[in-house]
Amino acid sequence: SLLLLLLLLLRLVESEGFVGEGDMAASYEYDDAPAANYEGESGGEGGYDPNFVPDSVKSFVVHMYRHIREKNVYEIHQMCETSFQTLSERLFKETPWPCVEAIAPYVDNDHVFCLLYREMWFRHLYARLSPTLKQRIDSYDNYCSLFQVVLHGVVNMQLPNQWLWDMVDEFVYQFQSFCQFRAKLKNKTEQEIALLKQHDKAWNVYGVLNFLQALVEKSTIVQILEQDKDGLEQFTATDGYDYSGGSNVLKVLGYFSMVGLLRVHCLLGDYHTGLKWLQPIDITQQGVYTSVIGCHIATIYHYGFANLMLRRYVDAVREFNKILLYIYKTKQYHQKSPQYEQILKKNEQMYALLAVCLSLCPQTKLVDESVNSQLREKYEDKMGRMQSYDNDAFIVFDELFTYACPKFITPSAPSFEEPLVNYNQDAYTLQLKMFLYEVKQQELLAGVRTFLKVYSSISLAKLAKYMEVDESTLRTILLTYKHKTHSVDSDGRIVSNADIDFYVNDDMIYVVETKPAKRYGDFFLRQIAKLEGVINDMDRVKLE
């Protein structure tokens, strides 16, 4: 009878576990949740039962559903970023979450919520497990259904910017992952080949681009941002949220889809089109994209890489410097974030890309002292080797490009009639070849730059003698220098990337060197910060 009484008390505690309206912020502490025991839960021996829903998951979906209906953005964000991660770590570290059919009865079988739950379900699957081909196709179908609802339905929700960014980011990532998976044909089974043939529209590049473009167009986000600049909209001031009781979902998805289109076109090697899609967002200013750290980093990473490939080195250096300085100052605040490892990875990749940019276009005056210090610590030796332009230099350029470039994709479907071969590296090989060809063309420019740095004027004959070439060849080299240190910006204007420029008049070369303005403010700010650190250390010392 005592045991029965204890069981009844336990049931009572569980049934009253859904706390009141005012206590929601403290209710999602799942650290005490027991670790998953799939032997007892599944009825089998260590198997996974997709229909078993632990009580903590029931509580999670019920509260999530209620907060979405109430447009409680703060609580939704806390549940996505904290509770979902905690439950995943404790209960579903090596298994998927319960299937959507199992949780549907707890949320009134709400169609939109089930689509959102499946989006999180697949995101968890990709992050912790290896999805099957069928699961990859099902995930695409779920995104299609979800975006169709947003585009053509009446969506009356407010969702956190972080979740909306995660949707677009994961959509593009899964597209990239599917293209890489499909391109590895050698080890595919007959069933997988048959499934690929049957579902040839799944993750089709046109379908992916169409959805992202449709979100941009239907949201009218380009017009909203134009009105925002004129003070007629408050989109940026409110971080995209609608405080008048409306929905932020379509507008913010449209906004993040512009970043998604930049990323997709970078994966395809179409850098001009990618940057064109990003133009409505002014990345020189704070915006909604900076409200989500993952979006901020992804935007600048792909923007910088696209500019690097288009020889717009100054633009790339300027933006890499700003984002690396931002990460340097704020990364300690993101240590508990699920995105922390990704932040550190992208940070290292952007330092590598900055080293490449500065080796091709020595514009160190654009780099903050803190970033420059980190860069020298990481890549001083390799930057010296890259600027030598010998065989060793090309090895380093190859290494850094391979480490830091996006995972390029071949979007076209394979021909299953031919002998099955892997072609997942073809797009990367082509982009690397184009990049190294550009580096090779700049080989002679290092010698010209070295001589121009030590002269204010020099005759063509004298410089030709120093460089051990004839005057005709020197003129070709100088024209190449002019061409390679200039590029066409996004407005169609020709701009210079050169730290040293020149003009030729009557067989004389006259050097024009840009003098960087001295910045004393940064120096004093660093010294003040150091002094404050010393004072804080002294305050902690207890004098005897």
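The values are calculated or read from the model by the stated rules, or taken from the named source; none is laboratory data. Since we're looking at a predicted model, the values are computed, not measured. For neighbour counting, all protein chains shown are included, and Cβ atoms are generated from backbone atoms with ideal geometry for every residue, glycine included. Surface accessibility is based on the protein's heavy atoms, side chains included, excluding ligands, DNA and RNA. Shrake-Rupley method; radii C 1.70, N 1.55, O 1.52, S 1.80 Å.
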| Residue check for Asp489: under 30 Å from Gly304 (Cβ atoms) and touching a helix residue (DSSP H, G or I) at 6+ places or on another chain (Cβ under 9 Å) | yes
| query | What number of residues within the range 244-264 satisfy the criterion of being part of a helix (DSSP H, G or I) and either free of Cβ contacts under 8 Å to residues at least 24 places away in the same chain or among the small types (Gly, Ala, Ser) (or both)? | reply | 3
| query | Any chance the range 109-116 includes a residue that's part of a loop (DSSP other than H, G, I, E, B) and either among the polar types (S, T, N, Q) or open to solvent by 60 Å² or more (accessible area, probe 1.4 Å) (or both)? | reply | yes
| request: Please find, among Leu268, Leu261, the residue that is under 16 Å from the mean Cα position of the chain (by Cα), open to solvent by 40 Å² or more (accessible area, probe 1.4 Å) and aliphatic (A, V, I, L, M). | output: Leu268
| message | Pairs please, first residue from the range 153-177 and charged (D, E, K, R), second anywhere and open to solvent by 20 Å² or more (accessible area, probe 1.4 Å), Cβ atoms under 6 Å, 6+ apart in sequence or on different chains. | response | Glu170/Arg123
| query | Filter the range 148-162 for residues that are hydrophobic (A, V, I, L, M, F, W, C) and crowded, with 21+ Cβ neighbours inside 10 Å; which is farthest from Asn210 (Cα to Cα)? | reply | Leu159
| field | Options Leu366, Leu375; residue that is aliphatic (A, V, I, L, M), under 24 Å from Leu325 (Cβ atoms) and out of contact with any Phe, Trp or Tyr (no Cβ under 9 Å at 6 or more places or on another chain) | value | Leu366
| message | Let me confirm something: among Arg449, Arg385, Arg376, which residue is open to solvent by 30 Å² or more (accessible area, probe 1.4 Å) and either closer than 28 Å to Thr476 by Cβ or at pLDDT below 85 (or both)? | response | Arg385
| With respect to the numbered conditions (1) open to solvent by 40 Å² or more (accessible area, probe 1.4 Å); (2) part of a helix (DSSP H, G or I), which one is the sole condition not fulfilled by Glu417? | (2)
| message | Exactly one condition in (1) of a type in the set (D, E, K, R); (2) in a helix (DSSP H, G or I); (3) over 19 Å from Ala316 (Cβ atoms) is false for Glu438; which is it? | response | (3)
| said: Checking Ala237 against (1) surrounded by fewer than 21 Cβ atoms within 10 Å (Cβ to Cβ); (2) at pLDDT 95 or above; (3) not β-branched (Val, Ile, Thr): exactly one of these is not met. Which one? | reply: (2)
